[in-house]
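What follows is a set of notes on a single structure, which appears directly below.
The values are calculated or read from the model by the stated rules, or taken from the named source; none is laboratory data. Note that the coordinates shown come from a computational prediction; the quantities given were computed from them, not determined experimentally. Virtual Cβ from ideal backbone geometry, glycine too; neighbours counted across all protein chains shown. Accessible surface areas use protein heavy atoms only, side chains included; no ligands, DNA or RNA. Shrake-Rupley method; radii C 1.70, N 1.55, O 1.52, S 1.80 Å.
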Amino acid sequence: MLALPTRSIAAMLIVIHLTTAVAGHAAQTPAPIPQPAPPSAPTPTVAPATTPAAPAPQAAQDAQTPQGTGASVQADLDPALLSSVVSAALAFLLPRTLESHTPREFSLWGLNGLSAIDPSLTVAEPAGAVQLAQGQETILRLPAPAESDLAGWTALTVQLMRAAWGRSAALRDGGGGGLLQGFFDELFNHMDPYSRYVAPAPATTDRDTRTGGEAGTGLTLGRDARSVLITGVNANGPAWPAGLSTGQRLYAVNGRATRDQTAGTVAQWLLGEAGSKVTLLVGDARGRRTVVLRRASVPPETVFAYAADHVVVIRVTAFSADTAQEMSQYLDQASDDAHLRGLVVDLRGNRGGVLQQAVTTSALVLDRGVAAITNGRDPQANHVWAVQGGDMTGGVPIVVLVDGRTASAAEILAAALADHRRAVVVGSATLGKGLVQTIGQMPDGGELFVTWSRVLAPLGWPLQGLGVMPQLCTSRGEADLARQLQDLAAGQDDMRDAVHAARAARYPVPVSRILEIRKFCPAAIGTDSDLDAARSLLDNPAEYRAALDAIPDEGTYAPQTE
């Protein structure tokens, strides 16, 4: 494992974040305009990310308790919170979804969740009205608001929910949280597979995973028969620069002895307000010492590396808040090797994460250029993500490993490096998740993940469905791989036609065409053959150059314009 150095060159990076209307935009390098995303804008993510909460719209006036609904029945339902969540959700969805929908559509889709929980309940829309029935009995019938009346549809939705709650034991058994979950599950069933509602408890866990959660030290603890041990030190946390290491014993926290305490209990003692001090008494074979740390939010480590024979293999498991910073530190140390022959960036199994982190990571090895283009209905979703800052590695050869589980932000990084001929992609066709979600925090503490843009690679092709087509395919068997390497050594890439076909695609791509392209290198789980193939490319410059040349010249396939 490479050790993380204390110095960082992240300050050299400039990520250009240009808001622009993009439709099938060709790869190009805009003028460098350092411009961070406005703090009030939702943070686009390719999978989980941290986003400022959207202001909750004024909650619609709640309806009176339906006839036959007693106070005891309503005790577990908070009408004001229900109304505020529905109102905030509709307001968040309306300008952001890829396709335009109305408050009426969202509300009626969501109200089908009542039937999903209790099949005896049905919601119908007779002429000019919305009706809730149980079996053959009409429970409530209300005039339908205007199609785009957000407040009106919020009030109607809440009224029907309350009426259904009063008549259905199944709804009450599921609680208010279950009622909302059913509403959103049915609403998002009418949209793409990535948009979803996450309830308050798992939403809190997701946020902690993305950002580090409650402030701490970055230590992982265990214990043996004698005492509490340090079993892990997160390189992103304050314990790392203080020199704490695995195997050391933790004897006290702020003067409280850890003897007879569980590791979990002591771990809780380490948590507190960001910036607050915590004093640790630690020891090893050399003796005991006191260490004072300042607590901080500690994102999970996502980058791991090792070096062998002047080749550095860097595995990126996800893209969280500090991934690019971690990557820059490993690259900084790798560049100290005067005989460095190449890098292998392993993205196999990487399901994605924060879009900006993928873009910033690409800036570490690209001199300049477009890393990705996002295109959606909301103007805030339209960006050319361009980078400038200089290649930290000085141009050493790079191989990127991918497989059928490589998705989202990981695909963005692989596509960016491949399209700029900065790396050779090895493996199989990737998952093909090219839709970006933005996150809205709801008044109940839950979160909405809403798909609001599509991703185009630098050469203008869509990631959604297609995924990244590798220049060297390892999913067709050992004999086929051996033949590809032999042909590369002779200057011919057998994957050239498939790579060109993928780069020529323009949104929207018919499913039949997607399947036709992807069959050239079927998606598969990565194996040791991937790393062996990467080393062959790095050991044989002729193979590497031939694989790079499989990428068409920039502008060869100009995107269609309207």
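Summary of values
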item: So Pro145, is it open to solvent by less than 50 Å² (accessible area, probe 1.4 Å), closer than 25 Å to Asp78 by Cβ and in a loop (DSSP other than H, G, I, E, B); result: yes
item: The listed residue being closer than 26 Å to Ser475 by Cβ, of a type in the set (A, V, I, L, M) and open to solvent by less than 10 Å² (accessible area, probe 1.4 Å), out of Ala363, Ala372, Ala334; result: Ala372
item: Count of the stretch 241-263 residues which are without any contact (Cβ under 8 Å) to a residue 40 or more places away in the chain, over 29 Å from Tyr330 (Cα atoms) and either open to solvent by less than 70 Å² (accessible area, probe 1.4 Å) or in contact with a strand residue (DSSP E or B) (Cβ under 6 Å, 6 or more places away or on another chain) (or both); result: 7
item: Test result for Val313, at pLDDT 95 or above and either open to solvent by less than 10 Å² (accessible area, probe 1.4 Å) or over 17 Å from Ala363 (Cα atoms) (or both); result: yes
item: Residue that is in a helix (DSSP H, G or I), modelled with pLDDT of 95 or more and either more than 15 Å from Ala546 (Cα to Cα) or aliphatic (A, V, I, L, M) (or both), where the choices are Leu459, Leu488; result: Leu488
item: Lone unmet requirement of (1) out of contact with any Leu (no Cβ under 9 Å at 6 or more places or on another chain); (2) farther than 30 Å from Gly352 by Cβ; (3) buried (at least 16 other Cβ atoms within 10 Å of the Cβ) for Asp284; result: (3)
item: Qualifying position, being open to solvent by less than 30 Å² (accessible area, probe 1.4 Å), in a loop (DSSP other than H, G, I, E, B) and in contact (Cβ under 8 Å) with a residue 40 or more places away in the chain, among Pro238, Pro300; result: Pro238
item: Identity of the residue in the stretch 434-462, among the charged types (D, E, K, R) and open to solvent by 10 Å² or more (accessible area, probe 1.4 Å), that ends up nearest to the chain's Cα centre (by Cα); result: Arg454
item: Close pairs (8 angstrom Cβ cut-off, 6 or more residues apart or separate chains): closer than 17 Å to Leu140 by Cα in the stretch 161-182, among the basic types (Lys, Arg) and open to solvent by 10 Å² or more (accessible area, probe 1.4 Å) anywhere; result: Trp165/Arg172
item: Residue selected from the stretch 53-78 under the condition part of a helix (DSSP H, G or I), open to solvent by 30 Å² or more (accessible area, probe 1.4 Å) and out of contact with any helix residue (DSSP H, G or I) (no Cβ under 6 Å at 6 or more places or on another chain), by the criterion modelled with the lowest pLDDT; result: Ala71
item: Failed condition for Asp494, given (1) touching a residue at least 40 places away in the same chain (Cβ under 8 Å); (2) of a type in the set (D, E, K, R); (3) in a loop (DSSP other than H, G, I, E, B); result: (1)
item: Single unsatisfied condition, Ala386 versus (1) among the aliphatic types (A, V, I, L, M); (2) assigned to a loop (DSSP other than H, G, I, E, B); (3) open to solvent by less than 10 Å² (accessible area, probe 1.4 Å); result: (2)
item: Residue list for the stretch 132-153, restricted to those being in contact with a helix residue (DSSP H, G or I) (Cβ under 6 Å, 6 or more places away or on another chain) and β-branched (Val, Ile, Thr); result: Ile139
item: Pairs with Cβ under 6 Å, 6+ apart, first in the stretch 410-429 and on the phi > 0 side of the Ramachandran plot and outside any helix (DSSP H, G or I), second open to solvent by less than 10 Å² (accessible area, probe 1.4 Å) and β-branched (Val, Ile, Thr); result: Arg421/Ile551; Gly427/Val402
item: Leading residue by the ranking (most open to solvent (accessible area, probe 1.4 Å)) among those in the stretch 395-409 that are in contact with a strand residue (DSSP E or B) (Cβ under 9 Å, 6 or more places away or on another chain) and not in a strand (DSSP E or B); result: Pro397
item: Candidate set from the stretch 102-135 (those that are over 16 Å from Gly152 (Cβ atoms) and assigned to a loop (DSSP other than H, G, I, E, B)); member that is modelled with the lowest pLDDT; result: Ala127
item: The lone exception for Ala501 - which of (1) out of contact with any Phe, Trp or Tyr (no Cβ under 9 Å at 6 or more places or on another chain); (2) outside any loop (DSSP other than H, G, I, E, B); (3) open to solvent by 10 Å² or more (accessible area, probe 1.4 Å) it fails; result: (1)
item: Single residue of the stretch 91-101 satisfying the filter (assigned to a helix (DSSP H, G or I) and over 13 Å from Phe188 (Cα atoms)) that is farthest from the chain's Cα centre (by Cα); result: Ala91
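The rows are residues; the columns are (1) open to solvent by 40 Å² or more (accessible area, probe 1.4 Å); (2) in contact with a Lys or Arg (Cβ under 7 Å, 6 or more places away or on another chain); (3) among the β-branched types (Val, Ile, Thr); (4) at pLDDT below 95.
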{"position": "Val292", "(1), (2), (3), (4)": "yes, yes, yes, no"}
{"position": "Ala338", "(1), (2), (3), (4)": "yes, no, no, yes"}
{"position": "Leu343", "(1), (2), (3), (4)": "no, no, no, no"}
{"position": "Arg368", "(1), (2), (3), (4)": "yes, no, no, yes"}
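Okay, residues lined up against (1) among the aliphatic types (A, V, I, L, M); (2) touching a residue at least 24 places away in the same chain (Cβ under 8 Å); (3) crowded, with 22+ Cβ neighbours inside 10 Å; (4) more than 20 Å from Ile439 (Cα to Cα):
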residue	(1), (2), (3), (4)
Ala89	yes, yes, yes, no
Thr97	no, yes, no, no
Ser100	no, yes, no, no
Gly113	no, yes, yes, yes
Pro119	no, no, no, yes
Thr122	no, no, no, yes
Gln131	no, no, no, yes
Asn189	no, yes, no, no
